[in-house]
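The block underneath contains the structure these notes are about, expressed in structure tokens.
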Amino acid sequence: MNGCPRARGGATATHRVRFPALWCLLLTGLVLALAPGARAASASGPSPTPPESAAKAPFGVRAGLYGLTTLTGGHFGYALKAGARIEDSAVIYNESDEARTFHVYAADVAHAAGGGLAPAQEGQRMAGVGAWLKLDSEAAVTVRPKSRATVRFSLAVPAGTPPGSYLGSLVTALRTPAVSGGVNTETRIARLVELTVPGTADLQVSLSELVHRSAGGGEEFTVTVRNTGNVLYTFAGTLRITGGSPRTVPLTPTGIYVIPGGSATLTGRVADLPALGRRTVTASVTATVPGGAAKTVDSNSVRLTFFPWLIAALAVGGLLVLAVLLVVTRRRRRAWRRRRAEERTALRALRRELRAGRPPAGNPHEAPSGSDAHP
């Protein structure tokens, strides 16, 4: 069964600790082959047996017409015109050896953070199916050990309700007191209530801008899909990479439900990107109405240019250093050659003067040749 433990503050706590948005609403099936508004009166056939998984859980819940209609997974599915009303029931099985008191209430189902569905918390203001579904008995139901009890309810669609898909939930909660200083726990089973108001189906899908960021040696892409129509659908998405060898990368999560007005964020990671080159990435999302139509939409395209900037910068820096060294070395070599040329010129002049029998010019210790002057 769909059970989920819920922690409470302590043995003496009387207030609730808010459970995360996804408190284990296990959607084991959805029904689009909807049963028209037949009353859920007691069946004249053989008494139905509890769901198979009930033997391993403290309790179990199934639809009153389970096995007698097109319902699957113990959920409730109806096709009702605006202003119509239907009655049905839920059967609660107590598989323990002691009497249990269960709290039963109707809740809206909303889009949960990160995608998927979650029922509203008890006590919240209900505006959709959670408000239209009314229990015929008290919210607290006590069931004897190894026994079952039937909770009857009615679902009335307000006049003027637009065509489309509407979701709610019938929640059954078992609260277990704390033992020896432990924590209180609450186990819940939420049965989906899917209501279709007949009319023109409007399958509309829109995508946000595809964005990306560097992550783990690759690029991580994110896009948000929004249900702007009036029908419930699931979706699957991929990233198409072109440029080089074309390929696709799946977007996650996939196959979750998006209610009208809801949204879900999809993520995909592209690895093995080239060091040099260009790639174009586009997100493609296909929305499918279970058992019905499908529609595919594409996002904007993101163009990526890959260039080894670090290697290029190091190469350019190395070339600049080499150029500076060459310029400095060339200037020093020119200066050295200039000095050597001046030295050779002076040496040749001295040799010519010596061969001519004249002392080198500018020697202060020698008197001019043929002079009669005495010191």
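The values are calculated or read from the model by the stated rules, or taken from the named source; none is laboratory data. Only a predicted model underlies this, so the values are computations on that prediction, with no experimental measurement involved. Here Cβ is always computed from backbone atoms with ideal geometry, including for glycine, and neighbour counts include all displayed protein chains.
Go through the stretch 115-164 residue by residue and tally those that are small (Gly, Ala, Ser) and closer than 19 Å to TYR66 by Cβ. First the steps, then the outcome.
As a first pass, look at the stretch 115-164 and keep what is small (Gly, Ala, Ser): 115-116, 118, 120, 123, 127-128, 130-131, 137, 139-140, 147, 149, 154, 156, 159-160, 164.
Subsequent filtering for residues that are closer than 19 Å to TYR66 by Cβ retains 147, 149, 154.
Adding up the residues that qualify gives 3.
Among the residues that make up the stretch 295-316, is at least one of them farther than 16 Å from GLU209 by Cβ and modelled with pLDDT of 90 or more? Can you show your working first?
Applying the first criterion (farther than 16 Å from GLU209 by Cβ) to the stretch 295-316 yields 295-296, 305-316.
Right, trim to modelled with pLDDT of 90 or more and you get 295-296.
Looking through the stretch 295-316, at least one residue is farther than 16 Å from GLU209 by Cβ and modelled with pLDDT of 90 or more.
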key: Hits in the stretch 264-286 (condition: closer than 14 Å to ARG213 by Cα and of a type in the set (Lys, Arg))   = ARG269
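Condition check ((1) within 16 Å of THR296 (Cα to Cα); (2) in contact (Cβ under 8 Å) with a residue 60 or more places away in the chain) across all residues:
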| residue | (1), (2) |
| --- | --- |
| VAL223 | yes, yes |
| TYR233 | yes, no |
| GLY243 | no, no |
| PRO250 | yes, no |
| PRO253 | no, yes |
| GLY261 | no, yes |
